Amino acid sequence: MSAVIVVLVILLIATTGLREYIPGYPKAEYRQMLVRNALIVDSLELELEKRDQFFKGIQSIMAGEVPEDEQTLQAEAPPSDIEFQEFNHDSIFQDELLAEQLSLSLKNNDNKKVGLTQMHFFIPVHGVVTEHFNAVPDHYGVDIVSEKNARISSVLDGTVIFSGWTLNTGYVIYVQHEADLVSVYKHNAELLKTTGEKVNAGEVIAIIGNTGEYTSGPHLHFELWHKGTAIDPENYIDF
């Protein structure tokens with residue numbers, strides 16, 4: 001008889017809300033909270049992974065290296081299909097450029113889609129282009145020679161994500177813009193902005209110089225990176 005009573009008591013506790021009063025057994029609301037927190041943690045892990053990939057690409061750019069995505073693209077593409085000298089709408093990259101322009105957007109009040117070719121770039125410094133963009137020997141920008149102590153300006157509104165010294169390129173400043181665009185200014189004599197500062201298009205951010213090991217005279221080495229890929233600045237800026 002006692003065994004039957006024990007069985008009935010166990011069934012009563014297991015099938016009713018009484019089980020929540022057993023020490024160590026979580027309440028229903030606690031179980032829901034655990035499930036909800038698990039989902040939130042999973043979402044945060046995905047966002048952190050995306051953030052880490054983005055910053056890894058930025059670090060590669062600042063180190064003068066090619067991001068992994070760009071290396072993979074170069075390794076898979078047949079050499080005969082690659083042209084680095086011309087990037088215009090009549091080239092073999094026409095479809096890619098059109099798709100890229102359609103995918104870009106500026107965060108304005110109208111939420112209007114704007115391509116890179118529609119963006120108004122401020123000239124970083126007036127001068128003469130002495131060396132053009134050429135990705136084959138890892139020259140991912142243009143070299144501009146200007147007058148002594150010429151002021152270097154930000155090409156667009158943005159935020160300074162790096163401002164400091166590197167062994168190869170001297171005083172360098174990186175500015176993050178909208179549409180996943182980063183502009184790079186190397187070999188400066190002096191930096192006028194610090195990391196984290198907001199800058200406007202045309203605002204002076206540095207003074208032209210001759211710092212770093214990879215320089216043979218006073219000039220600005222200017223680069224544009226879109227979504228981790230180097231693009232030719234002369235396709236968008238009339239120096």
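The values are calculated or read from the model by the stated rules, or taken from the named source; none is laboratory data. What you are looking at is a predicted structure, and each value in this text was computed from that prediction instead of being measured. In this analysis, Cβ positions are derived from the backbone assuming ideal geometry, glycine residues included, and neighbour counts consider all displayed protein chains. What goes into the accessible areas is simple: the full protein's heavy atoms, side chains included, and nothing from ligands, DNA or RNA. Shrake-Rupley method; radii C 1.70, N 1.55, O 1.52, S 1.80 Å.
Hey, can you grab everything whose amide H is under 5 Å from the amide H of Ile161? Only 5+ residues off in sequence or another chain; H modelled, so Pro and N-termini drop out.
Long-range HN contacts for Ile161: Tyr174, Val175, Gln176, Gly196.
Just to verify a number: what accessible area does Met62 come out at with the full protein assembly present, 1.4 Å probe, Å² rounded to tens?
Rounded to the nearest 10, the figure is 40 Å².
So how do 147-155, 172-180 stack up, highest first, on mean other-Cβ count within 10 Å?
Details: 147-155: 18.0, 172-180: 20.0.
Taking the mean over residues of other Cβ atoms within 10 Å, the ranking is 172-180, 147-155.
Full-extension gain between Phe239 and Val128, please, as 0.36 nm times their residue separation minus the C-alpha to C-alpha distance.
Here the segment from Phe239 to Val128 would lengthen by 39.2 nm.
What value does the stretch 127-166 have for Rg/Rh, both radii from Cα atoms and Rh as Kirkwood defines it?
That ratio equals 1.01.
What FRET efficiency comes out for Lys50 versus Lys148 if R0 is 35 angstrom and r is the Cβ-Cβ distance? Round to the nearest 0.05.
The computed FRET efficiency comes out at 0.20.
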